[in-house]
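Worksheet: one structure, shown below.
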Amino acid sequence: MEKQPRLLASQLLLKNSFFEVSLNGVLLTWKEIPTKKKRVSGGIHYPFKVGTSHSVSVSEILAVRELDVDSKTKDDGRWQKMPQKSTEAYPYAFTVSYVERAWQHRWRCSDVTFHCLEGALCQQWVQTIRGQLAALTSRPKHLLVYINPYGGKQQGKCIYEQKVAPLFTCASISTDVIVTEHANHARDHLRTEAELKQYDGVVCVGGDGMFSEIVHGLVSRTQRDNGVDQNSPEEKLVPCTLRIGIIPAGSTDCICYATVGINDPVTSALHIIVGDAQPMDVCSVHHNNTFLRYSVSLLGYGFYGDVLADSERKRWMGPARYDFSGFKTFLTHHYYEGTVSFLPATDILGTPRDKTRCRAGCFICQHNGQLYSEDAPEICKTDPDVSDSEYEGGWRVIRGKFLAINAASMSCACPRSPKGLSPAAHLADGTTDLILVRKCSRFNFLRHLLRHTSKYDQFDMTFVEVHRVRRFHFTPRHCQSDSELDLRENGKRLFSQICRDHPACSCSPAYSSWNCDGEILPHAAIEVGVHCQLIKLFARGIEEQPVFEDLANPCAI
């Protein structure tokens, strides 16, 4: 790596010790100057005190501000204790706020204050650092913020005002804040009213449902502005230019776990401030050439669809409804017959069962994304008369009885499932992992579910198969027409009510529901396509943790 020329270097006072402080285009470094103090240990004299060295990337400096030492306060109103000798001999000071890495992927805002002998030198340091920060064009300056006051534990507004807004103010980021008043408020506002050209990004304070609203509003607005028909499954969608930030304040916060590694509001806010950019794939879901929804994490039919459908009828139970509905759905053990046709992703790096994890700067996402942009896969037609075979065009068809059909566009990790549904899934490689769980005993299905919380290979079972695909279709058995589907759905509701009234009945419904990122789709027969790197988040992917775990001081070198 080419050595960067120094922009500024001085000897400054820090906590009653002198440091050699230097700044170049990449790093701000301060190293303690050894002092002549004899220390005796076992009869051996040590004439110098070993100096410590610290380094912070310029890209992770949040702000710099000049202090008025005489007032003993900082610009943000917090009291600062100043050593008496320092204030007398070095009456000028400036504070640098920067990112410090903590335990388990958490980021924190730390401050370091340097004292100068001359006011001109102090101003020179402040202006030089601000000049370097101004050159970072990836940083947002004006953000549109949506707050969901009802999601999770209903703490969204409090989290933003107490933890996030002060950081944005410190970094000189201006915001326009909208507190949502009803479902899809943010989506509809983005689609029609928002003046997006004046913003550098859109931030949502809430859970995965709120993030889904932002994605739908932003993607739909982008396609409309570019004349793209969303109802056409074969249409190539235009990527969004604005990045999306997520301040977690929901129940699961699956997106934050997959893109940052932790659901911590301060960490997410700092990623927004430094201007990180993480591309992400988006799946479009259609039925009979009609657009239904976008999906960024999980599409689930069978078990996960039934859990969501049942939990929606028990919203009065609060978050406990998911555990209750999950246990009930497991006991009912319904399976569903249908046909899955899919286009496998070929000539790419990575497989669903390898040990590679999607991390910051993921090479697989970069490589496969480049392949996708250079040579977009052709959409091949399927032959409904062929079963369990590979077509000349590359499509495969599988017919059978399934307990669950899942499409994971990311690992879907969360506190209850640290590895997620598909641990090796990638955020931006243009594919989704299609997981087929065939009919099996309750005991075997329980083994499969428990694998999500263990270190073992969850696909190493005879009734489970996984495919990395670019597109897939699903058609439930006996689904010849919309009218027949609607008729059967009405019959399902009728007989499901009868079965609830008479638990001894062992009949199994003909159709399940699709769980699309926590929303129920109105149709069982769907067509899904993956759009590579359609959106970008204010994130950088999960950083490799061992780099920081072994250091007592994360920024010491």
Within region 125-148, of all residues that are assigned to a strand (DSSP E or B) and of a type in the set (A, V, I, L, M, F, W, C), the one farthest from residue 206 (Cα to Cα) is 143
Those residues of region 521-545 that are of a type in the set (Val, Ile, Thr) and within 17 Å of the chain's Cα centre (by Cα) come to a total of 2
_If I filter region 272-283 for residues that are within 30 Å of residue 510 (Cα to Cα) and surrounded by 23 or more Cβ atoms within 10 Å (Cβ to Cβ), do I get at least one hit?_
yes
Cβ pairs under 9 Å, 6+ apart or interchain, first in region 137-165 and farther than 28 Å from residue 63 by Cα and polar (S, T, N, Q), second part of a strand (DSSP E or B) and open to solvent by 30 Å² or more (accessible area, probe 1.4 Å), ordered by first then second residue, are 148/179
Would region 475-483 turn up any residue that is outside any loop (DSSP other than H, G, I, E, B), at pLDDT below 65 and out of contact with any Leu (no Cβ under 6 Å at 6 or more places or on another chain)? yes
Picking from 266, 307, the residue that is in contact with a Gly (Cβ under 7 Å, 6 or more places away or on another chain), in contact (Cβ under 8 Å) with a residue 40 or more places away in the chain and either acidic (Asp, Glu) or part of a helix (DSSP H, G or I) (or both) would be 307
By residue number, the members of region 379-417 that are open to solvent by less than 50 Å² (accessible area, probe 1.4 Å), at pLDDT 85 or above and either in contact with an Asp or Glu (Cβ under 6 Å, 6 or more places away or on another chain) or not in a loop (DSSP other than H, G, I, E, B) (or both) are 397, 398, 400, 402, 403, 404, 405, 406, 407, 408, 409
Taking first residues from region 336-360 that are closer than 30 Å to residue 509 by Cα and second residues anywhere that are open to solvent by 20 Å² or more (accessible area, probe 1.4 Å) and among the acidic types (Asp, Glu), the pairs with Cβ under 8 Å that are 6 or more apart or on different chains are none
How many residues of region 106-119 are open to solvent by 20 Å² or more (accessible area, probe 1.4 Å) and within 16 Å of residue 8 (Cβ to Cβ)? The answer is 2
Of the conditions (1) modelled with pLDDT of 95 or more; (2) open to solvent by less than 20 Å² (accessible area, probe 1.4 Å), the single one that residue 311 does not satisfy is (1)
Picked from region 325-345 (must be part of a helix (DSSP H, G or I) and of a type in the set (A, V, I, L, M, F, W, C)), the residue surrounded by the most Cβ atoms within 10 Å (Cβ to Cβ) is 330
Only one of (1) in a helix (DSSP H, G or I); (2) open to solvent by 70 Å² or more (accessible area, probe 1.4 Å) does not apply to residue 122, and that is (2)
Only one of (1) over 21 Å from the mean Cα position of the chain (by Cα); (2) of a type in the set (Lys, Arg); (3) open to solvent by less than 60 Å² (accessible area, probe 1.4 Å) does not apply to residue 139, and that is (1)
Can you confirm whether residue 65 is at pLDDT 55 or above and either in contact with a strand residue (DSSP E or B) (Cβ under 8 Å, 6 or more places away or on another chain) or open to solvent by 30 Å² or more (accessible area, probe 1.4 Å) (or both)? yes
Matching residues in region 426-465 (open to solvent by less than 50 Å² (accessible area, probe 1.4 Å), out of contact with any Asp or Glu (no Cβ under 6 Å at 6 or more places or on another chain) and in a strand (DSSP E or B)) number 7
Expected single match for open to solvent by 20 Å² or more (accessible area, probe 1.4 Å), in contact (Cβ under 8 Å) with a residue 12 or more places away in the chain and at negative phi among 294, 322, 301 is 322
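Yes or no, residue by residue, for (1) farther than 15 Å from residue 246 by Cα; (2) at pLDDT 95 or above:
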position: 152; (1), (2): no, no
position: 156; (1), (2): no, no
position: 162; (1), (2): yes, yes
position: 165; (1), (2): no, yes
position: 169; (1), (2): yes, yes
position: 173; (1), (2): yes, yes
position: 189; (1), (2): yes, yes
position: 192; (1), (2): yes, no
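The values are calculated or read from the model by the stated rules, or taken from the named source; none is laboratory data. Predicted, not measured: the structure shown is a model, and the values here were computed from it. Glycine gets a Cβ as well: all are built from the backbone with ideal geometry, and neighbour counts include every protein chain shown. Surface accessibility is based on the protein's heavy atoms, side chains included, excluding ligands, DNA and RNA. Shrake-Rupley method; radii C 1.70, N 1.55, O 1.52, S 1.80 Å.
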